[in-house]
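**Student:** Input: one structure, supplied below.
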Amino acid sequence: MAKFNLPFGIHIAGSDPIDDRVIVADQAAREALVTDGLAHEGMVVYQADSKQYFALKGSTNADWGQLIPDNIVADIEELKNPTIGATYQEPELFISLTNSASVEKGSRITETLILAFIQNDAGVEEVSSAEIFRNGQSISTGSMTAVEGYIIGDEVVEYTAQINHAQGPIKQNSKGEEEPEGQIQAGTISSSFPTYISGYQRLFYGTGKPQSGPQVRSFSDANPVQLLAGNESVFQFNLPKGEKQLYIAVPTGRSVKMAFAEVSDLDVSASFSLIGQIDVPDANDDRDFYDLYQSELAGQGYTTDMIYQFEVQ
């Protein structure tokens, strides 16, 4: 290749490039440089229509490569300014009671149930679709509140609810771009946590043999204990010094274990005898059969107060 030396610099007085090969109009013009023998390996040209730089890494048009690929530019920009995606939060439905509690079997329950819909990123709730259930059975529709009255049994009452809601809006990411993925669609939501009322039978214990169910219920030393359905209950009873007889009334069908807490919870179940059944009124004066257990101490009884422990299943 012929060369010549310039003993001085060049002053550029116009906007045109010194070498008109460094800017081409399109791909065809860029490839024509190779076809016409005007290109060389390592040559870099700017393609105007795509606003991209290309370098010739060989001697054929197959050797053109984008100098800075668009995806690299985008990746660099993303590293500098990462996109924080839109997040969507599901709606929530809660149900609450005015007097949520454990109550004795036979008690009359009057409850006001209140629904609370937390919209989050869903659409608005459809109050007309609201429905409240007690133990899976519908008791109220079309309202966010309900008043419920009944007599509770030896049971656990479960309240749940559901409601329809509209579609939520599409949110934007940190760059102001809409992100529909995850958008909350119209649908039905159930209450997040059930609400319970527990009805229980009572266990009675004390000194002095009872002669009737009402007398069991009014044991002078009763200190009655609640027995939740299906649950184990553990409690202690203080036997006053000098007392010789101890009685326990347990709902028929429940097993009971007696321990002497004073001696490492020694099992003393064998010292209690089942002496019969007795019908004891509940809070509604309905009668339930109870097993009556008796333990009688020899001599004058204990010279000091003693503690017994009972486990009922």
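**Student:** So if each residue of separation counts as 0.36 nm, and I subtract the Cα-Cα distance between Glu178 and Phe260, what length gain in nm does that give?
**Tutor:** Values: separation 82, 0.36 × 82 = 29.52 nm, distance 7.09 nm.
Here the answer is 22.4 nm.
**Student:** Next question. Which far-off residues, 5 or more places away or on another chain, put their amide H under 5 Å from the one on Ile23, with H placed in the peptide plane?
**Tutor:** Those qualifying (amide H under 5 Å, at least 5 residues apart or on another chain) are Tyr46.
**Student:** Using 7 Å Cα-to-Cβ label points, what is the Lys80/Asp19 separation (nm, one decimal)?
**Tutor:** About 2.8 nm, to one decimal.
**Student:** Now for a separate question. Just to check, using Stokes-Einstein with a Kirkwood Rh over alpha carbon pairs, what's the diffusion coefficient of the chain at 37 °C and 0.692 mPa s in µm²/s?
**Tutor:** Using the Kirkwood radius from Cα pairs, D works out to 115 µm²/s.
**Student:** For each of Leu67, Leu56, count neighbouring Cβ atoms within 10 Å of the residue's Cβ, then give the residues from fewest to most.
**Tutor:** Leu67, Leu56
**Student:** Turning to a different aspect of this structure: FRET efficiency for Thr98 and Gln167, Cβ-Cβ distance as r, R0 = 35 Å, nearest 0.05?
**Tutor:** 0.55
**Student:** Determine the gain in length on full extension of the stretch Asn5-Ser273; use 0.36 nm per residue of separation and subtract their C-alpha separation, reporting nm with one decimal.
**Tutor:** Gain on stretching Asn5 to Ser273: 84.0 nm.
**Student:** Counting only residues 5 or more places away or on other chains, whose amide H sits under 5 Å from the amide H of Ile139 once H atoms are built in the peptide plane?
**Tutor:** Excluding prolines and chain starts, which carry no amide H, the hits are Ile132, Phe133, Arg134.
**Student:** Ile139 to Tyr196: extension gain in nm, 0.36 nm per residue of separation minus the Cα-Cα distance?
**Tutor:** On the way: separation 57, 0.36 × 57 = 20.52 nm, distance 1.51 nm.
Working it through step by step, the gained length comes to 19.0 nm.
**Student:** Would you kindly derive the ³J(HN,Hα) couplings of segment 146-160 from the backbone phi angles with the Karplus curve 6.51 cos²θ - 1.76 cosθ + 1.60 (θ = phi - 60°), listing them in order in whole Hz, with x for Gly and Pro?
**Tutor:** Each residue of segment 146-160 in turn: 7, 10, 10, x, 5, 9, 7, x, 7, 7, 10, 9, 10, 9, 9 Hz.
**Student:** Can you run phi through the Karplus equation (6.51, -1.76, 1.60; θ = phi - 60°) for segment 265-271 and list ³J(HN,Hα) in whole Hz, with x for Gly and Pro?
**Tutor:** Each residue of segment 265-271 in turn: 6, 4, 5, 10, 4, 5, 7 Hz.
**Student:** Over the chain, what is the relative contact order in percent, taking alpha-carbon pairs closer than 8 angstrom and at least six residues apart?
**Tutor:** Values: 671 pairs, mean separation 41.6, N = 313.
RCO, the chain: 13 percent.
**Student:** I've got another one for you. Report the net charge of residues surrounding Lys244, where surrounding means a beta-carbon distance below 13 angstrom and charges are Lys +1, Arg +1, Asp -1, Glu -1.
**Tutor:** 0
**Student:** Could you pull out which residues in segment 247-281 have an amide N less than 20 Å from a spot 7 Å beyond the Cα of Gln215, following the Cα-Cβ vector?
**Tutor:** The answer is 247-252, 273-281, whose backbone nitrogens lie closer than 20 Å to the label point.
**Student:** Using θ = phi - 60° and the Karplus relation 6.51 cos²θ - 1.76 cosθ + 1.60, list the HN-Hα couplings for segment 89-97 in order, rounded to whole Hz, with x at every Gly or Pro.
**Tutor:** 10, 5, x, 9, 10, 10, 10, 10, 10
**Student:** Note the angle between two axes, namely the Cα long axis of helix 70-80 and the longest principal axis of the Cα atoms of the chain, as a number of degrees from 0 to 90, rounded to the nearest 10.
**Tutor:** Helix 70-80 sits roughly 50 degrees off the main axis of the chain.
Bear in mind that the values in this text are calculations on the coordinates, not laboratory data. Values in this document were obtained by computation on a predicted structure and should not be read as measured data. A quick note on method: Cβ atoms are made from the backbone with ideal geometry, for glycine too, and the neighbour counts reach across all protein chains shown.
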